[in-house]
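Novice: Handing you this structure, nothing more for now.
The values are calculated or read from the model by the stated rules, or taken from the named source; none is laboratory data. Nothing here was measured: the structure is a model prediction, and the numbers come from that model. For neighbour counting, all protein chains shown are included, and Cβ atoms are generated from backbone atoms with ideal geometry for every residue, glycine included. Side chains are part of the model used for accessible areas, which takes the heavy atoms of the whole protein and leaves out ligands, DNA and RNA. Shrake-Rupley method; radii C 1.70, N 1.55, O 1.52, S 1.80 Å.
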Amino acid sequence: MALDTNMLSRRKLLAAIASVTLISASDLKAFAQTRAKVVVIGGGFGGATAARFIKSYLPNTSVTLIEPNPVFTACPFSNLVIGGQRSIADQKFDYRSLVGDGIEIAQAFATDVDSQARTVTLDNGSILSYDRLIMSPGISIRWGALEGYDRAAAELMPHAWKAGTQTLLLRRQLEAMEDGGTVVMSAPAAPFRCPPGPYERASLIANYLKTEKPASKLIILDSKDTFSKMPLFQEAWAEHYPDHLDWRGASNDGRVNRVTAETKTLYTDFDEIRADVANVIPPQKAGEIAERAGVTDVTGWCPINATSFESSLQPNIHVIGDATIANPMPKSAFSANLQAKVCAASVARLLSGEDVLPTTLANTCYSFITSDRAVSIAGVYRNDDGAFSSVDGAGGISPLAADAEIREAEARQAEDWFRTITSEAFG
Amino acid sequence: MLRPISFLIIAGALFLSSCSTLSVDAEVDTRPASERNYPNGLSVSALSCTGCHTDTAGQGIPSLAGRSADQILASLRFYGQPDTGTTVMHRIARGYTDEQLTALADYFAEQV
Ligand SMILES: Cc1cc2nc3c(=O)[nH]c(=O)nc-3n(C[C@H](O)[C@H](O)[C@H](O)COP(=O)(O)OP(=O)(O)OC[C@H]3O[C@@H](n4cnc5c(N)ncnc54)[C@H](O)[C@@H]3O)c2cc1C
C-alpha cells in the first residue's frame, strides 16, 4: 500500500484543508473519532454490552473485546440451576453476534494494563493499544480473607459465585447428599456481587430440600444483620420453608471466621457447624486486572466518575459493572448492562470532543422465592457531577403480604428480563 | 483502518463542501455531533428501559413497539402516581419528572 506511507501527512493535509475552507473543528474531531481504538476487557454483562453499544454509536471505531472464555456462563438465574429447575445450557452465551457486529474478539486473558502507554498486554503475548479502555472484569474472590478458604477449599465447599463448573459442583453435591443432611451457606459482609443473590439461592435450595429431601435442612450463617429484600425473604421463608431453612445473623453468632474444607466445618465465634454440603460465598473484590491497571483503591474496588465512568485514578480508563464503587447502584447484571450503555454514550461523546451528560438510571433485580414466584427491588438514580445518588421517593421492594398472582407475575417478568438483558449483551 | 483512496475522497469532499451532513463514505461520519448515532440529552435515559422492554412482547413485560406517545405517557403517568400498584414500574416511574416521562414517551413512540 504505497500511499499508506503517506499516512503521517494525513493530519497535516486535513489541517491544511481546514485552514483554507470552512471546515469546523468538529469535522476534524469527527475524522479523529473514526480512527479511534476502543478496547474492552471482560465479555460479561458489562463488557459485551459496552462493546456492542460503542460499535453502534461509532460504527467506524475499532472495538476489540478481550475475553478468555469462548462461551460466557451467566450468573443470573444460575440459582435455578442449583435448585434443579433449569439447565446450565440456558445460561450460556457466545460471541458470534458480536463478531457479526464487527467487534474483534481477542480470546485471551488481559495480564497487564499500562495506563501511560495506553496498552493492554495479553497472556498470548500480544499488546493492544487503545485511545479509551473500558474495563468490566467483574469480581475476584479474596482467597484467604476467610481463613481456610482458598482455591482448593472451593473444590470441596463451592462458592458458585461465578457461574459454570462451580454452579454444577454445588448442584451435584446437593443431589448426592442423603436425606437428613445439613446444608450450610455462609453469606459475606457487604459489598459483594448481587446483594439479594444468597437469599434467592437459599430459597431455592430450601425448595429443593422440601420437595426432594424433606428430612434435610439449610442453615444460613450471615456476616450481616440485615440484607436486601429481607422482609420479603423472611415472609417467604416463614410461609414456604419453616422446617427447612434457618437464618442466623451476625449478632446471633452467624459470622463465619474460619473454615476447614476437608471436614466441611464452618467456625463462628462460639460455634462450629459440620455441613454435608457447604456453600461458602466468600469476600470479594474487583477483578484482578483492575488492580494491575491501578484503578482500585484501598477497598479493592474501583472509584469512578459516575457521569463518564472514567476511573478516578487513571485517565482514559473507564470501569463499569461489579468492579466499580457505584453505590447506591447495586452490583447487578442490570446495573452492569445499563452502566455499559451509558458509559458507551459517554465514551462516544468524549471521542467526538464533546462533554459527557448526566442522566437518570434505574435498576431492577428480581429474586425467585419458589420455583415460580419472585419478588423484586428497584431503584432510580442520578449521576450528576460525577457522583451517584438515589432519587427520593422512588424505588423499593415488592409489597409484603401480596397474593400469589403478584409473585407469579414477577417471576414471569424476571424471565422476560433475563431474555432481554442477555440479548442486549450477547445478541 | 482507512484506505488511502477513501481518505482522498473524503478529503476532497471536505474540501469541496463545508456541508457537514454529507455522507460520502461509510467510514467517516461527517454529520454534526447532534445528528450522530449516539443518544443525546433525555434519550440517554431511555437506556434504562431497554434492558427490559424490547420490540417483542414477553409473557410478563409488555413491548413498547407500535404504541403512540399518548398511550405510553398515559401509562407512565399512571405508574408514577404515589402509593399505588405492585409492579416495579410503579416504583421506577415515581423517580421521573413529568418532563422526563414525556420525553421518554416521545422517544419510544418514534422507535416503532
Ligand atoms: C448467583 C447469582 C445470581 C445473580 N442474579 C442476578 C439477577 O437476578 N439479576 C442481576 O441483575 N444480577 C444478578 N447477579 C449479578 C450479576 O451476575 C453480576 O452483577 C454481573 O455479572 C456483573 O457484570 P460484570 O460485567 O461486572 O461482570 P461479569 O458478568 O462477571 O463479567 C466479567 C467478565 O470479565 C472476564 N474477565 C475477568 N478478568 C479478565 C481479564 N483479566 N482479561 C479478560 N477477561 C477478563 C471474565 O471472564 C468475565 O467473562 C447474580 C450473581 C450471582 C452470583
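Novice: I need the full set of residues from the stretch B:54-79 which are more than 7 Å from chain A (Cβ to nearest Cβ), at pLDDT 95 or above, open to solvent by less than 50 Å² (accessible area, probe 1.4 Å) and closer than 25 Å to residue A:363 by Cβ, in order please.
Specialist: Of everything in the stretch B:54-79, those that are more than 7 Å from chain A (Cβ to nearest Cβ), at pLDDT 95 or above, open to solvent by less than 50 Å² (accessible area, probe 1.4 Å) and closer than 25 Å to residue A:363 by Cβ turn out to be B:72, B:73, B:76.
Novice: A further question on this structure: Looking at the stretch A:74-132, what strands (runs of 3 or more DSSP E) fall wholly within it and have at least 1 residues that are among the aromatic types (Phe, Trp, Tyr) and in the same structural domain as residue A:293 (by TED's automatic domain parsing)?
Specialist: Fully inside the stretch A:74-132 and qualifying: A:92-94.
Novice: Assuming residue A:123 fulfils every condition listed in (1) open to solvent by 60 Å² or more (accessible area, probe 1.4 Å); (2) closer than 20 Å to residue A:281 by Cβ; (3) touching a residue at least 24 places away in the same chain (Cβ under 8 Å) apart from one, which condition is it?
Specialist: (2) is the only condition that residue A:123 fails.
Novice: Can you give me the number of residues within the stretch A:394-411 that are more than 27 Å from the chain's Cα centre (by Cα) and not in a helix (DSSP H, G or I)?
Specialist: Total meeting the criteria: 4.
Novice: Turning to a different aspect of this structure: Residues in the stretch A:141-167 that are among the polar types (S, T, N, Q) and either open to solvent by 10 Å² or more (accessible area, probe 1.4 Å) or assigned to a loop (DSSP other than H, G, I, E, B) (or both): how many?
Specialist: Looking only at that region, the number is 2.
Novice: While we're looking at this one, here's another question. Do we find that residue A:113 is surrounded by 17 or more Cβ atoms within 10 Å (Cβ to Cβ), over 23 Å from the mean Cα position of the chain (by Cα), aliphatic (A, V, I, L, M) and at pLDDT 95 or above in this structure?
Specialist: no
Novice: Oh, and also: Please verify whether the stretch A:294-309 includes one or more residues that are within 18 Å of residue A:54 (Cβ to Cβ), within 8 Å of the ligand (Cβ to nearest atom) and crowded, with 23+ Cβ neighbours inside 10 Å.
Specialist: no
Novice: Need a quick list: strands (runs of 3 or more DSSP E) entirely within the stretch A:270-338 having at least 1 residues that are free of Cβ contacts under 8 Å to residues at least 60 places away in the same chain.
Specialist: A:272-274
Novice: Same structure, new question: Give the residue that is nearest to the ligand (Cβ to nearest atom), with candidates limited to residues of the stretch A:192-218 that are assigned to a helix (DSSP H, G or I) and open to solvent by 10 Å² or more (accessible area, probe 1.4 Å).
Specialist: Only one residue fits best here, namely A:200.
Novice: Among the residues of the stretch A:127-153 satisfying the criterion of being within 16 Å of the ligand (Cβ to nearest atom) and of a type in the set (A, V, I, L, M), which is farthest from the other protein chains (Cβ to nearest Cβ)?
Specialist: Step by step, filter the stretch A:127-153, then rank; the result is A:141.
Novice: If you take the residues of the stretch A:59-73 that are more than 19 Å from residue A:106 (Cβ to Cβ) and within 14 Å of another protein chain (Cβ to nearest Cβ), which of them is farthest from the ligand (Cβ to nearest atom)?
Specialist: In this case the residue turns out to be A:60.
Novice: So, one more: Restricted to the stretch A:333-358, and to residues that are surrounded by 24 or more Cβ atoms within 10 Å (Cβ to Cβ) and hydroxyl-bearing (Ser, Thr, Tyr), which residue is farthest from residue B:89 (Cα to Cα)?
Specialist: Taking the candidates together, the pick is A:346.
Novice: Here is a list: A:82, A:103. Which entry is near the ligand (Cβ under 10 Å from one of its atoms), at pLDDT 95 or above and in contact with a helix residue (DSSP H, G or I) (Cβ under 7 Å, 6 or more places away or on another chain)?
Specialist: A:82
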